[in-house]
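Report on one structure; see the data block that follows.
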Amino acid sequence: MRLLPLIASAVATVGLVAVLNTQLPSGASKTPKLGYFLSPQHGFWKNAEKVDASFDASIVAGELKGNVDVYMDDRLVPHIYADHDEDAYFVQGYLHAKFRLWQMDFQTRVASGRLSEIAGADKLSIDRFFRRLGMVYGAEQTEQYINENNPVMKATVDAYTAGVNAYIKQLAPENLPLEYKLMNYEPEEWTPKKTYLFLMFMSYDLTGRSASADLQLTNTRDYLGFDLFDKLYTNQQDSLDPIIPKGTVFAKPSIIPVKPAGSDIAYLKKQDQNTTAGKVSASPEAPDKNNGSNNWAVSGTKTKSGRPILCSDPHLGLNLPSLWYEVQITTPTHSTYGASFPGSPAVIIGFNDSLAWGVTNAGRDVLDYYELKFKDSTQKEYWFNGTWQATTNRQEIIKVKDSADVVENIAMTHWGPAMFDKFYQNPQSKGRNLAVKWTGHNASTGVETFYKLNRAKNFDDYLAAISLWKCPGQNFVFASKSGDIAIKQQGSFVARWDRQGDFLMPGQDSSYDWQGIIPNEENPMIKNPERGFVSSANQKSVDPSYPYYLGTASSFPLYRGISVNKRLRSMDQITAEDMQHLQTDNYNVFAEVARPALMKFIEPNKLSPDAQRMIKEMTNWNLYNNGNEKGITVFKMIWDSVEDAVWGDELAGSPIPLTKPEAYVLLDQMNKDSNFSVADDIRTKGKVETLKEQVNLGVENATKKLVALEKDGKLKWASFKATRVSHLTKIPALSRLNLPIGGGVNIVNATSEAHGPSWRMVVHLTDEIEAYGLYPGGQSGNPGSPYYDTFIDYWAAGKYYRLLFLPKEKLVAHERTKWHIQFTKA
Amino acid sequence: MKNIASENIKFIVSILLSALMGYAIGIYGNLPWWSFVVTNFIISIAMNQKPGKSFLSGALGIGLLWLVLALVIDTQNNHILSIKVANILPLKGSYIALIIITSVVGFLLGGLSSLTGSFVRKS
């Protein structure tokens, strides 16, 4: 009788298949389906690309109007030559998908609150945050607006979408990107809405810090009281070197925002009123405070060639696959090159055959919270202008992997979505009902700005293109072959009264509402200034004579702008190479001022031997944040410890984290007033600590940490800072860790731990454009490709690639051109 | 003597058939990754070997197939991906361990599916 072995063997086979075909729990996450994942014909092995693979291909696509030739250069940058504009965007979509599909899918999932669908209930709090902030709502407004009013943009985004989908359709299951196999899900169709969601995510990344900062600042103000708050979080920046040079006379404002009567009591000093506490939920990490950038342009009067040079390096989270994808697009209407966003058509930062442009974040406050009073727990009515107004209910359904759907009911009000209410709270919202009002919610034709910049021929075209730009507000720098340079801060900016929107605002009457959007003509701009350069580095764009309030000073880093302008003023006979050196410059202008200020208070004789040794290390330092310097590590640790000693006591008692004052506040106090009363440790009764005592205490505290770092061999700046470029899933094996690179916060080379120059570009506007650039990543999003992280080492070393921007005949014949992808209609 | 020789030929043919059919059905990415279980099962019924030999021929057929495929792919890729995956799994970045595990999975499942087939005739 062999039936028994048959059954036993069959059960064993089926059982093993089942186990190897299941995602097994592994810590907080799950393994891939191991059998599938390991199968050389289905799993990850299929993603291991031949190192000498050819990218030649011939693709037939019925959606095309004509033929398109794509030539790939040796860095895998596609040069798209199309006979029709829409075909070019179709192919751009196709190539984005071919090299970055998973990333496009993942980023739009984050933006639209759909992570739980693939990763389970763990991600629910992030999804709820984005849903309630109105990310999907905003994308819907844009989609509807473009569909109804802008046939050219609709056709552009539709062609791009068709290109993405043409790639997805032909994608065999075994060739799915690695991450799908790891996380066990499949791509879905691309839609125009996903493009708008991606752009919403950029709005969030660059203006969404207010979504947490306004809460935190309010809590800090409530905790300290307004007077002390105003001292520690002053909006006054004495050393400011604004984007528009000081002393520029601004036009008379067309809107004069009026501060509501009684707002000093009702708004600025308002005590918090706890309402019923809702379910406390963790929020995703707030956008990085240092999301910013540098850009500048120098006119021919300052360059060796007599032609302008434009530079742009956006500072963002450093990820793999990179946010950026290089591309050249050439059609009969235009020819452009630069960094594009996988997820959106057109070139975002780049140049064309007439001019170049770049962006930095404006940092202006365009997101506010309004505190609501609901009639009852049904949240169907709220008190507004003396009557009960009806809310409308917006329902969003969050699908959750291996679990039931979660339904978000969001009460929509005059202000916007009621983000925080009885259903949703975080530790900072403290039980309040808060509606969010954000320019990001408004329909936006942002894509059209880039579409038009790609085609712009001169200054007027540039101005017309950027005038359409709404959110996130940006400083658009410009330089043309014809010799013009300019910079304009552009976006939908709220005409604010002083400190309007720094804190949560009363939402019961319209007097606290925005009183208008500043007309484009009144947005700060300069063209061809006497000094021969324009620049921005996220500092305040204007001095206090500008008639509108910009937002809390903590949104405007001070020192990078000072550094850039100081250098540009002193430079002459500039070459493209000089500009590369400036972009990668590590000089620490903050330490230049802060080190002597510290030394004024430090009493070396009274310090421990270790501390004395560290002080020596710091004073011998050359003020450059180079990777091999130790002095910067010592300086940073000492400065941080002194800040802790000075502010720590004031902020220590709060159960929730409060905002730390900006570094320049303490520095100004050290230089001005050594009897700074805040220096006293309020926890020690009957003793008044002086600033001197606190500084020396800070030095000793820092020394303990520094000695430990020294033992671990981590005193050198690059090993201390440990810059990394992380895969979007944060899986270390797919990331690049501990990169040998200097720089940091306040430095032109703004490379900190996980954040920094995400695309460096230098464009010399000679007859045949001489452009250089790179981003810390690679053109392929596939971790199994040799092109996955190609540029990272070069980027860390501060080197640049010469960008190939050529007409078709020249490019085809160029020695760096490697492959040809031919798209034909039939 | 003759019998043993033909048994040996049968054994080798079984291995080759397992590998060949396993590879052929694996080309179809829409079919599940474990489709070779079915081909092995059928081959085993047709070849009618003793359970032990049947297991071994199925195991070697798929195990060697997966070993060779993984080796070829990995060599052409300069271990770029295998080292990363061997850090995720976690195999301390050893691509050799990853290749061995890959072929062991093929070996076990290939063997079990052929073994099951061998009992069909005998039962």
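Of the candidates A:N746, A:N701, A:N696, the single residue that is farther than 30 Å from A:P783 by Cβ, touching a Pro at 6+ places or on another chain (Cβ under 9 Å) and either away from chain B (no Cβ under 14 Å) or not hydroxyl-bearing (S, T, Y) (or both) is A:N746.
Just to be sure before I move on: is A:V678 of a type in the set (V, I, T), assigned to a helix (DSSP H, G or I) and closer than 30 Å to A:K231 by Cα in the structure I sent?
Spelling it out, A:V678 is indeed of a type in the set (V, I, T), assigned to a helix (DSSP H, G or I) and closer than 30 Å to A:K231 by Cα.
Any residue at all in the range A:171-194 that is closer than 30 Å to A:M419 by Cα, under 27 Å from the mean Cα position of the chain (by Cα), modelled with pLDDT of 95 or more and among the aromatic types (F, W, Y)? Within the range A:171-194, one or more residues are closer than 30 Å to A:M419 by Cα, under 27 Å from the mean Cα position of the chain (by Cα), modelled with pLDDT of 95 or more and among the aromatic types (F, W, Y). Here is the figure for the range B:73-84: residues that are part of a helix (DSSP H, G or I) and either at the interface with another protein chain (Cβ under 9 Å from one of its Cβ atoms) or at pLDDT below 95 (or both) total 8. Checked against (1) in contact with an Asp or Glu (Cβ under 8 Å, 6 or more places away or on another chain); (2) touching a residue at least 60 places away in the same chain (Cβ under 8 Å), B:G29 meets all criteria but (2). Among the numbered conditions (1) buried (at least 19 other Cβ atoms within 10 Å of the Cβ); (2) within 11 Å of chain A (Cβ to nearest Cβ), tell me where B:N87 comes up short. Condition not satisfied by B:N87: (1).
Of the residues A:T391, A:T445, the single one that is modelled with pLDDT of 95 or more, farther than 13 Å from A:L133 by Cα and β-branched (V, I, T) is A:T391. Mind checking whether some residue in the range B:45-54 is among the β-branched types (V, I, T), over 13 Å from A:F44 (Cβ atoms), in contact (Cβ under 8 Å) with a residue 60 or more places away in the chain and part of a helix (DSSP H, G or I)? There is at least one residue in the range B:45-54 that is among the β-branched types (V, I, T), over 13 Å from A:F44 (Cβ atoms), in contact (Cβ under 8 Å) with a residue 60 or more places away in the chain and part of a helix (DSSP H, G or I). Of the residues making up the range A:149-180, those that are within 14 Å of another protein chain (Cβ to nearest Cβ) and of a type in the set (S, T, N, Q) are A:Q170, A:N175.
With (1) surrounded by fewer than 23 Cβ atoms within 10 Å (Cβ to Cβ); (2) in a helix (DSSP H, G or I) as the list, and A:W795 as the residue in question, which single condition is left unmet? That leaves (1) as the condition not met. Away from chain B (no Cβ under 14 Å), under 24 Å from the mean Cα position of the chain (by Cα), buried (at least 23 other Cβ atoms within 10 Å of the Cβ) and in contact (Cβ under 8 Å) with a residue 24 or more places away in the chain: is that true of A:T142 in this structure? For A:T142, the condition - away from chain B (no Cβ under 14 Å), under 24 Å from the mean Cα position of the chain (by Cα), buried (at least 23 other Cβ atoms within 10 Å of the Cβ) and in contact (Cβ under 8 Å) with a residue 24 or more places away in the chain - is met.
Can you pull out the residues in the range A:33-92 that are outside any loop (DSSP other than H, G, I, E, B), within 14 Å of chain B (Cβ to nearest Cβ) and not small (G, A, S)?
A:K33, A:L34, A:Y36, A:F37, A:L38, A:F44, A:W45, A:K46, A:N47
From (1) surrounded by fewer than 18 Cβ atoms within 10 Å (Cβ to Cβ); (2) part of a helix (DSSP H, G or I); (3) away from chain B (no Cβ under 12 Å), pick out the condition that doesn't hold for A:V19. Going through the list (1) surrounded by fewer than 18 Cβ atoms within 10 Å (Cβ to Cβ); (2) part of a helix (DSSP H, G or I); (3) away from chain B (no Cβ under 12 Å), A:V19 breaks only (3). Within the option set A:S758, A:S735, being surrounded by 17 or more Cβ atoms within 10 Å (Cβ to Cβ), modelled with pLDDT of 95 or more and touching a Lys or Arg at 6+ places or on another chain (Cβ under 9 Å) holds for one residue only, A:S735. Residues that are over 28 Å from A:N291 (Cβ atoms) number at least 2 in the following strands (runs of 3 or more DSSP E) confined to the range A:364-455: A:381-384, A:387-390, A:392-398, A:406-412. The condition of being farther than 28 Å from A:Y233 by Cβ, surrounded by fewer than 19 Cβ atoms within 10 Å (Cβ to Cβ) and of a type in the set (A, V, I, L, M, F, W, C) holds for only one of A:L651, A:L607, that being A:L607.
Scanning the range A:509-529 for residues that are among the charged types (D, E, K, R) and either part of a strand (DSSP E or B) or at pLDDT below 95 (or both) gives A:D509, A:K527. Any residue that is in contact with a Phe, Trp or Tyr (Cβ under 8 Å, 6 or more places away or on another chain), under 20 Å from A:P732 (Cβ atoms), in contact (Cβ under 8 Å) with a residue 12 or more places away in the chain and at the interface with chain A (Cβ under 7 Å from one of its Cβ atoms) - is there at least one of those in the range B:97-104? Within the range B:97-104 (the criterion being in contact with a Phe, Trp or Tyr (Cβ under 8 Å, 6 or more places away or on another chain), under 20 Å from A:P732 (Cβ atoms), in contact (Cβ under 8 Å) with a residue 12 or more places away in the chain and at the interface with chain A (Cβ under 7 Å from one of its Cβ atoms)), the answer is no, since none of the residues qualifies. Taken over the range A:116-129, residues that are crowded, with 20+ Cβ neighbours inside 10 Å, more than 12 Å from A:I410 (Cα to Cα) and touching a residue at least 12 places away in the same chain (Cβ under 8 Å) amount to 3. Answer yes or no: is there a residue in the range B:55-62 that is within 18 Å of A:Y36 (Cβ to Cβ) and either of a type in the set (D, E, K, R) or within 12 Å of another protein chain (Cβ to nearest Cβ) (or both). Checking the range B:55-62: at least one residue is within 18 Å of A:Y36 (Cβ to Cβ) and either of a type in the set (D, E, K, R) or within 12 Å of another protein chain (Cβ to nearest Cβ) (or both).
Annotation: B:W34 fulfils all but one of (1) touching a helix residue (DSSP H, G or I) at 6+ places or on another chain (Cβ under 9 Å); (2) part of a helix (DSSP H, G or I); (3) facing chain A (nearest Cβ under 10 Å); the unmet one is (2).
The values are calculated or read from the model by the stated rules, or taken from the named source; none is laboratory data. Computed from a prediction, not measured in an experiment: that's the story for all the values here. Because the Cβ atoms are built from the backbone with ideal geometry, glycine has one as well, and the counts that use them run over all protein chains shown.
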